[in-house]
Amino acid sequence: MKKGLILEGGAMRGIFTCGVMDVFMENGIEFDGAAGISAGAVFGCNYKSRQIGRGIRYNKKYCNDPRYCSVRSLIKTGNLYEVEFCYKTLPEELDVFDRETFKANPMEFYVGAVDVNTGEMRYHKCEDGGKNDLRWMRASASMPMVSKPVRVDGHKLLDGGMIDSIPYKYMEELGYDRNVIILTQPKGFVKKKSAALPLAHLMLRRYPKMRDVMDVRHIRYNQQLREIEDREKAGISLVIRPPKDLGVSRTESNPDELERIYRIGRKVAEERLEE
């Protein structure tokens, strides 16, 4: 039996996940492997590096810093989240990512992104937390329309949440049969077709497969939620989700709001510890 931790994305809703993970780590809860998509990838890496509090700490500290996330960066570089700051300056200097612990921890850690040329998911096992692993994490979290595709290992990639927002099937295929799934939407949530699709079609006109992916994203996502509920009812998976809509912006820049979301995650995790 292999125990897995599966982390949905959701931009700054992922701070809820940070709260849950910190409580798990504080209580010595370990998994054989974890998989994260988008925010689940860039925040989830802290579980393997055993860095309690890192996710909420640097987000609160830098959420108002234009080097972290800004329209200026989007206009100047094509990326809403500035690559040099987020994936070099921050993890190497300002809030150091513990690569040594990441590498030494036997827990497997997987991330996923969409190949913009084929419209297919690509997954990557992060081994050492080095530059290549960070490029995969960045690719997994590179939201369409506000990010450039990331070139890594022969692929051009964007946000994995466009296809596989919650990678439970991928983990099951790897033999993980007892999984904790952390969602960032409440029970009963139904994703609607995006009103931004016409703009997305225009901006992604060079990548017709990616446009096709986005057209059915809401259908795929809602099917995943139904399947997860089935697993929850069958006792196969433990599902942790917010009690209600978190009411937070995808690019939330208010540290108090981030703290609020984090505290909700902690509270929910503490209530579910005995399970």
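Throughout, read-outs are computed from the coordinates displayed, never taken from laboratory work. Not measured: the values here are computed from a predicted model. Using ideal geometry, Cβ is built from the backbone for each residue, glycine included, and neighbour counts are taken over all protein chains shown.
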With +1 on each Lys and Arg Cβ and -1 on each Asp and Glu Cβ, how big is the dipole of the chain about its Cα centre, in debye rounded to the nearest 20? 1000 debye
Over the chain, with a Gaussian network built from C-alpha contacts below 10 Å, which listed residue (Gln223, Gln185, Gln51) shows the highest mean-square fluctuation? Gln223
The ratio Rg/Rh over the Cα atoms of the range 195-251, Rh being the Kirkwood inverse mean 1/r radius, stands at 1.13
Please compute the contact order of the chain in relative form: average sequence separation of alpha-carbon pairs under 8 Å and at least six residues apart, divided by the residue count, as a percent. 28 percent
What value in Å³ per residue do you get for the convex hull of the alpha-carbon atoms in the chain? 119 Å³
Whole-percent tail of the Cα-Cα distance distribution for the range 56-163, cut at 17 Å, equals 56 percent
Distance cut-off 14 Å, percentage of C-alpha pairs in the range 114-171 lying past it: 49 percent
Anchor Lys209: aspartates and glutamates whose Cα lies under 20 Å away (excluding residues fewer than 8 positions away in-chain): Asp115, Glu120, Asp153, Asp159, Asp164
The range 170-204: chymotrypsin sites (Phe, Trp or Tyr not before Pro) in DSSP coil with no more than 16 other Cβ atoms inside 10 Å: Phe189
Fluctuation leader among Gly129, Gly154, Gly14 - the chain, Gaussian network, Cα springs under 10 angstrom: Gly154
May I ask what percent, to the nearest 5, of DSSP beta bridges between residues of the chain are antiparallel? 40 percent
Could you tell me how many cubic angstrom of Cα convex hull volume the range 10-93 has per residue? 95 Å³
In square nanometres, what is one fourth of the surface area of the convex hull spanned by the alpha carbons of the range 129-245? 8.7 nm²
Fluctuation leader among Asp256, Asp22, Asp128 - the chain, Gaussian network, Cα springs under 10 angstrom: Asp256
